[in-house]
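Notes follow the structure.
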Amino acid sequence: MTDDDARKAGELIDRFWEGLLAVDPFLGTQIGDPRYDDRLPDPSDAGIAQQSALYGGAIEDLEAIDRAALDEDLRTALDVLEAISRRELDAIAFRIDRFAAVDHMAGPGTLLADLGSMQQADTPERAERYLARLRAVPAFLAAVGEVAAEAASLGQTVPALVADRTIAQVERLLALPVQEWPALTPFTDENDRARGVEVLRDEVVPAYGTYLDAVRAYRPFARDTIGLLALPNGAAIYAGRIMAYTTLPLEPKEVHRIGLDELAGIEEERRVIAERLGFDDAESALADRAARGENIAASREALVAIVEAQVQRSWEAAPAYFGRLPKANCVVKQVEEFRERDVPMAFYQQPTADGSRPGVYYINTGDLDQRPLHLLAGVTYHEANPGHHFQVSLEQEFDDRPALRRFGGILAGSAFAEGWGLYSERLADEMGLYRDDYERLGMLDAQAWRANRLIVDSGIHALGWTREQAVDQMTAGGQPRAVAEVEVDRYIAWPGQALAYKIGQIQIQTWRADAAAKPGFSLPAFHDRLMALGSLPLSALRREIDTASG
């Protein structure tokens with residue numbers, strides 16, 4: 001490695017990271033860097049131009065560096081930089097922001113809940129920054145409304161069901177008394193909270209009313225079709241989304257085939273366990289358990305208590321399978337009731353780097369009759385331990401690395417992170433964490449669910465599937481209908497995102513099998529190596545694993 005190449009690489013990485021924080025202020029908040037905590041992203045044309053300059057300039061600067069001569073940390077940081085830049089330039093070229101303007105999964109309707117869960121306002125300085133960010137919401141929503149209006153005029157709209165979910169979500173938010181809005185959660189001082197209520201009542205609530213009017217005006221232009229295939233350049237847009245989330249240039253038909261093959265293998269595993277339980281098939285076994293009243297939590301509080309016990313049990317079992325553990329366990333919180341209809345059964349929020357906000361495992365306690373307990377354990381081990389909490393926390397704790405490597409890998413594509421979560425569901429069985437065969441059936445249901453995602457996502461966006469086809473495919477794989485409908489609408493709103501899970505898991509399992517075939521294999525050492533490499537594009541991970549194994 002030449003000193004000049006290392007210098008240029010280090011300067012580019014640092015410059016790019018600072019640029020990322022400027023165009024995506026939420027990133028700093030997520031990791032505990034407060035410098036942009038008073039700002040929101042800029043959805044306007046000026047904001048898009050700023051992003052384009054950042055990512056395009058990074059690609060140009062990258063060409064002047066001999067990456068093969070760099071050490072692992074610099075080399076892999078540049079892998080992340082390139083993947084983020086190409087992903088975002090592709091998104092700008094196809095104006096993916098027009099879809100994001102009306103989106104029930106991660107759009108404006110979820111903004112305040114996200115801020116309330118991740119930002120801190122427990123000191124005078126933090127409270128001032130947070131109040132400034134809340135005051136920025138009206139301008140942000142106005143700009144998003146303009147993007148939505150432009151999308152409607154050009155015909156690049158989301159499906160009607162996504163628009164309907166977005167409208168209903170914002171209506172539910174506006175129906176809450178201001179004092180119950182999730183944006184107030186960070187305030188610990190009553191005077192600061194009172195100021196927050198005033199900002200919400202006088203500025204933010206009217207702005208959401210205006211945004212709701214904009215989405216209602218947009219609604220007649222929303223399309224009746226659900227897949228990208230129906231749009232001009234739809235196939236190219238979908239190819240870009242596949243690359244963005246899996247970091248591999250996969251063809252939709254190949255994705256569909258992989259899903260079918262994976263599902264067939266999982267169905268055979270389910271049959272074997274059902275026979276062990278004394279039933280002809282998994283559905284009969286689970287129906288019998290449900291009839292005995294053993295598969296539904298008695299209350300929201302009971303569901304949370306079950307999850308907390310699973311998190312603790314997995315934490316205590318982990319040292320036998322990992323040489324390095326996170327510094328702290330995660331905590332469990334309930335999803336806020338106003339958004340529980342639109343979000344998955346569970347999800348994870350990363351900790352700040354300084355530990356001031358822990359990693360949080362959110363559990364959705366709504367519609368208890370639609371949340372079978374046999375599914376819960378696998379979800380916990382995916383989202384918490386040894387899944388996302390381990391992967392995200394350990395990656396952040398390598399504090400001698402560039403910030404881009406510690407915190408930015410997920411922006412390059414989620415295949416490793418989500419693949420690790422799905423791998424962790426199976427690893428949990430090796431760790432003795434499933435209490436019985438019903439929980440193992442739950443794990444296999446979840447594995448089938450992710451295999452079905454390959455089938456359904458590609459079916460919707462490349463093969464012309466209807467929503468009903470997609471829901472039927474999910475329910476046939478073991479998902480309750482209410483869950484299946486939420487999931488399918490997620491795939492409709494987020495093309496390609498659902499592919500990351502199984503594609504990433506397959507790669508990790510392949511790497512483990514290759515490593516296990518060599519003398520001296522250690523499973524904890526293999527896990528530690530993967531955690532040390534962290535969220536890289538899959539091709540870069542493959543290269544680094546091969547390099548390490550000689």
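Summary of computed values
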| quantity | calculated |
| --- | --- |
| Exclusive hit being surrounded by fewer than 19 Cβ atoms within 10 Å (Cβ to Cβ), of a type in the set (G, A, S) and within 25 Å of the chain's Cα centre (by Cα), set A236, A230, A244 | A236 |
| Residues satisfying the stated conditions in region 374-408, i.e. outside any helix (DSSP H, G or I) and more than 18 Å from the chain's Cα centre (by Cα) | E397, F398, D399, D400, R401, P402 |
| Single condition R271 does not satisfy, out of (1) in a helix (DSSP H, G or I); (2) of a type outside the set (A, V, I, L, M); (3) closer than 26 Å to L173 by Cβ | (3) |
| Region 8-36, subset of a type in the set (G, A, S), assigned to a helix (DSSP H, G or I) and under 20 Å from A132 (Cβ atoms), residue nearest to the chain's Cα centre (by Cα) | G28 |
| Criterion: closer than 27 Å to V147 by Cα, out of contact with any helix residue (DSSP H, G or I) (no Cβ under 7 Å at 6 or more places or on another chain) and free of Cβ contacts under 8 Å to residues at least 60 places away in the same chain - qualifying residue of A194, A230, A236, A217 | A230 |
| In region 148-191, residue nearest to the chain's Cα centre (by Cα) [restricted to those that are free of Cβ contacts under 8 Å to residues at least 24 places away in the same chain and under 18 Å from Y130 (Cβ atoms)] | E180 |
| Selection from region 192-227 of residues that are within 28 Å of the chain's Cα centre (by Cα), part of a helix (DSSP H, G or I) and closer than 30 Å to G459 by Cβ | V215, Y218, R219 |
| Of the criteria (1) at pLDDT 95 or above; (2) within 26 Å of E430 (Cβ to Cβ), which one D281 fails | (1) |
| Filter result (of a type in the set (A, V, I, L, M) and more than 18 Å from A160 (Cα to Cα)) within region 434-473 | L441, M443, L444, A446, A448, A451, L454, I455, V456, A462, L463 |
| Tally, over region 277-300, of residues that are part of a helix (DSSP H, G or I) and exposed (fewer than 12 other Cβ atoms within 10 Å of the Cβ) | 1 |
| Scan of region 301-335 for residues that are in a helix (DSSP H, G or I), in contact with a helix residue (DSSP H, G or I) (Cβ under 7 Å, 6 or more places away or on another chain) and farther than 24 Å from E430 by Cβ, ordered by number | L303 |
| Cβ pairs under 7 Å, 6+ apart, first in region 39-56 and within 14 Å of E146 (Cα to Cα) and touching a residue at least 40 places away in the same chain (Cβ under 8 Å), second of a type in the set (V, I, T) and assigned to a helix (DSSP H, G or I) | P43/V144; P43/V147; I48/I92 |
| Filter result for R450 (under 20 Å from the mean Cα position of the chain (by Cα), surrounded by fewer than 24 Cβ atoms within 10 Å (Cβ to Cβ), of a type outside the set (A, V, I, L, M) and closer than 30 Å to G278 by Cβ) | no |
| Out of G240, G209, G259, sole residue that is within 28 Å of G478 (Cβ to Cβ) and either out of contact with any strand residue (DSSP E or B) (no Cβ under 6 Å at 6 or more places or on another chain) or of a type in the set (D, E) (or both) | G259 |
| Residue count for region 352-407, restricted to those that are of a type in the set (D, E, K, R) and in contact with a His (Cβ under 9 Å, 6 or more places away or on another chain) | 1 |
| Qualifying residue in region 475-483 (condition: on the phi < 0 side of the Ramachandran plot, of a type in the set (S, T, N, Q) and at pLDDT 95 or above) | no |
| Looking only at region 484-506, and only at residues there that are surrounded by fewer than 23 Cβ atoms within 10 Å (Cβ to Cβ) and within 30 Å of T547 (Cβ to Cβ), the one that is modelled with the highest pLDDT | I506 |
| Complete set of residues in region 16-34 that are of a type outside the set (A, V, I, L, M) and either loosely packed, with under 15 Cβ neighbours inside 10 Å or within 23 Å of P351 (Cβ to Cβ) (or both) | W17, E18, D24, P25, F26, G28, T29, Q30, G32, D33, P34 |
| Residues of region 86-107 satisfying the condition of being under 16 Å from the mean Cα position of the chain (by Cα) and acidic (D, E) | D103 |
| Count of region 240-270 residues which are under 18 Å from I455 (Cβ atoms) and of a type in the set (G, A, S) | 3 |
| Unique residue being buried (at least 18 other Cβ atoms within 10 Å of the Cβ) and not charged (D, E, K, R) when the list is A132, A160, A113 | A113 |
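To keep it simple, each residue is scored yes or no on (1) under 30 Å from Q179 (Cα atoms); (2) in contact with a strand residue (DSSP E or B) (Cβ under 8 Å, 6 or more places away or on another chain); (3) buried (at least 20 other Cβ atoms within 10 Å of the Cβ); (4) modelled with pLDDT of 95 or more.
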{"residue": "A58", "(1), (2), (3), (4)": "no, no, yes, yes"}
{"residue": "D73", "(1), (2), (3), (4)": "no, no, no, no"}
{"residue": "R95", "(1), (2), (3), (4)": "no, no, no, yes"}
{"residue": "V102", "(1), (2), (3), (4)": "yes, no, yes, yes"}
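The values are calculated or read from the model by the stated rules, or taken from the named source; none is laboratory data. Not measured: the values here are computed from a predicted model. All Cβ positions, glycine included, derive from the backbone under ideal geometry; neighbour counts span all protein chains shown.
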